[in-house]
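The structure appears right after this line, and notes come after that.
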Amino acid sequence: MASQTHFIPVFTILFLSLNIFSPHMVSADQRLIDIVCNDPAIEDHDRCLKTFSTPQGIAANNVNQLVEIAMNEGAMSGQKTLNVIEEMKKKKKNNRMVEAALQVCERTYMYSIDEFKLIAPELDYDTMGANYDVSLINPEVENCANAVKVARLNVPELEEGNRLADYYATLGYEMTQNMM
């Protein structure tokens, strides 16, 4: 009987030490991030890893939660870009080409922000719809980029906003595509 009472604490210590120090248990969530970001469909692996190397990303238990993080980042980035556009529109010395480009970009970012916010909740009931909706963002961003180019507008914040919106939309598309 005495050996059985020693068995339980020894077994408990052994079990806990294996779970605590096992490489498989150290970062199960990091493995999810690695799987997602190393998927051949994800073009920018390094940026993907950076996107999800936040406390929220590391705490994610599934791909839906990672998509939600990416879409929230896309919406926040889009809002910053929209703020830049709105500030530029307030300036009275814009020529017609610049005004037209800013109008296109304003519509692009208002639409894109709404779409980014729509994707994560939609995943719960319609993965295919979420995938379709996120696929609509890239052509909108392309419209803004083309309008900026035609107007010969050189605004680094706007160009970076376009790159980020394109990145987050592509990331969301590839992640939702793999969920179907």
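The values are calculated or read from the model by the stated rules, or taken from the named source; none is laboratory data. Predicted, not measured: the structure shown is a model, and the values here were computed from it. For neighbour counting, all protein chains shown are included, and Cβ atoms are generated from backbone atoms with ideal geometry for every residue, glycine included. For accessibility, only protein heavy atoms count, side chains too; no ligands or nucleic acids. Shrake-Rupley method; radii C 1.70, N 1.55, O 1.52, S 1.80 Å.
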- Using Cα positions and a limit of under 17 Å, work out the lysines in reach of Lys117, with same-chain residues fewer than 8 apart set aside. Lys80
- Give the cross-link partners of Lys149 among the aspartates and glutamates, using a straight C-alpha distance below 20 Å as the criterion and excluding same-chain residues fewer than 8 apart. Glu86, Glu87, Glu99, Glu106, Glu140, Glu157, Glu159, Glu160, Asp166
- Peptides 151-163, 70-82: what's the order by average Cβ count within 10 Å, highest mean first? 70-82, 151-163
- To the nearest 10 square angstrom, how much accessible area does Val141 have with a 1.4 angstrom probe? 10 Å²
- Note on the structure: Between the residues Ile58, Met175, Tyr109, the Cα farthest towards the positive end of the dipole of region 47-180, that dipole coming from +1 and -1 charges on the beta-carbon of Lys, Arg, Asp and Glu, is from Tyr109
